[in-house]
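Where a number appears in this text, it was derived from the coordinates with a stated rule and is not lab data. This one's a predicted model, so the numbers in the text were calculated from it and none came from an experiment. Positions of Cβ are backbone-derived with ideal geometry, glycine not excepted, and every protein chain shown enters the neighbour counts.
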Amino acid sequence: SAVISQKPSRDICQRGTSLTIQCQVDSQVTMMFWYRQQPGQSLTLIATANQGSEATYESGFVIDKFPISRPNLTFSTLTVSNMSPEDSSIYLCSVSGGPSGNTIYFGEGSWLTVV
Amino acid sequence: RKEVEQDPGPFNVPEGATVAFNCTYSNSASQSFFWYRQDCRKEPKLLMSVYSSGNEDGRFTAQLNRASQYISLLIRDSKLSDSATYLCVVNLPKYIFGTGTRLKVLA
């Protein structure tokens with residue numbers, strides 16, 4: 001499976017600020033995804049990061065709040081904009097792969113606390 | 001009805017016990033199924049894929065019942081290190097995660 005590195009691993013942010021999370025994969029991958037896991041909840045897909053085009057957002061998530069970049073097949077960023085305490089969460093970068101190509105693997109996550 | 005449902009637990013079992021979790025899914029068009037393990041404050045990690053004929057990996061056995069739309073995970077001879085949250089994942093092809101079942105294996 002691919003090695004997925006995320007940074008920052010954790011941060012404490014002030015309300016109203018924005019933070020960009022970086023995701024680096026050690027091999028080229030077609031599909032990259034960004035998930036959010038709020039405290040005590042399961043994972044929710046924010047968007048699919050598309051190389052060379054705009055990300056595909058899930059219902060309830062918008063580009064103005066969560067702009068995503070994907071400049072190449074190994075790197076993506078997620079920005080959490082104008083943060084509020086409700087954005088306190090784990091943000092996880094993931095890629096699909098494996099023998100059948102349909103298994104997803106996660107980075108170690110970025111733990112954000114908004115105060 | 002949620003797309004993927006799991007009993008949140010916690011399941012508290014003694015070491016050496018056998019424990020089983022079920023997960024139901026609502027979309028009969030679901031294509032692939034997985035069990036992930038998530039330790040506290042860690043990312044989810046693939047435990048095993050679930051195949052139509054059922055599959056086993058050491059102490060872990062996964063089953064799929066398409067007619068009743070559920071998958072199961074059986075853990076035999078539980079170890080303390082099995083304590084974690086087990087997430088059921090269904091590929092529609094979008095990946096839908098269950099809320100997880102917490103397992104605590106007690107000494």
Practice problem: For chain A, with a Gaussian network of springs between Cα atoms less than 10 Å apart, report the residue from A:Val95, A:Val25, A:Val62 with the top mean-square fluctuation. | Solution: A:Val62
Self-check item: HN-Hα J in Hz across segment A:47-64 - Karplus 6.51, -1.76, 1.60, θ = phi - 60°, x for Gly and Pro
Solution: 6, 9, 8, 9, 6, x, 8, 5, 5, 9, 9, 7, 4, x, 10, 10, 5, 5
Practice problem: Measure off 7 Å from each Cα along the Cα-to-Cβ vector at A:Arg15 and A:Ile63, then give the distance between these two points in nanometres to one decimal. | Solution: 3.0
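Please state the relative contact order of chain A as a whole percent: Cα pairs under 8 Å, 6+ residues apart? Provide the component values of the computation, followed by the final result.
On the way: 288 pairs, mean separation 41.8, N = 115.
Computed over chain A, the figure is 36 percent.
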Practice problem: Using every pair of alpha-carbon atoms in chain B, split the distances into 5 Å bins beginning at 0 and state the percent of pairs per bin, rounded to integers. | Solution: 3, 13, 25, 26, 19, 10, 4, 1, 0
Exercise. Would you mind pulling out the separation of the Cα centroids of segment A:28-103 and segment B:21-96, in Å?
Key: 23
Practice problem: Putting +1 on Lys and Arg Cβ atoms and -1 on Asp and Glu Cβ atoms, find which of A:Gly16, A:Leu73, A:Gln51 reaches farthest to the positive end of the dipole of segment A:1-75. | Solution: A:Gly16
Quiz prompt | Inter-label distance for A:Glu108 and B:Asp77, nm, one decimal - labels placed 7 Å from Cα along Cα-to-Cβ | solution = 3.2
Quiz prompt | Taking A:Ser59, A:Ser27 and counting other C-beta atoms within 10 Å, the order from fewest to most | solution = A:Ser59, A:Ser27
Quiz item: Among all cysteines in the protein assembly as shown, which have no other cysteine Cβ under 4.7 Å from their own Cβ?
Solution: A:Cys13, B:Cys40
Self-check item: Where only alpha carbons of the protein assembly as shown are counted, the Rg and the Dmax (Å)
Solution: 17.8, 52
Quiz item: Can you list, largest first and rounded to whole Å, the semi-axes you get for chain A by taking the square root of 5 times each eigenvalue of its Cα gyration tensor?
Solution: 23, 15, 13
Practice problem: May I ask you to compute the full-extension gain from B:Asp7 to B:Asn55, defined as 0.36 nm times their residue separation minus their alpha-carbon distance, rounded to one decimal in nm? | Solution: 15.1 nm
Practice problem: Could you estimate the translational diffusion coefficient of segment A:23-88 from the Stokes-Einstein equation, with Rh from the Kirkwood formula over C-alpha pairs, at 20 °C and 1.002 mPa s, in whole µm²/s? | Solution: 171
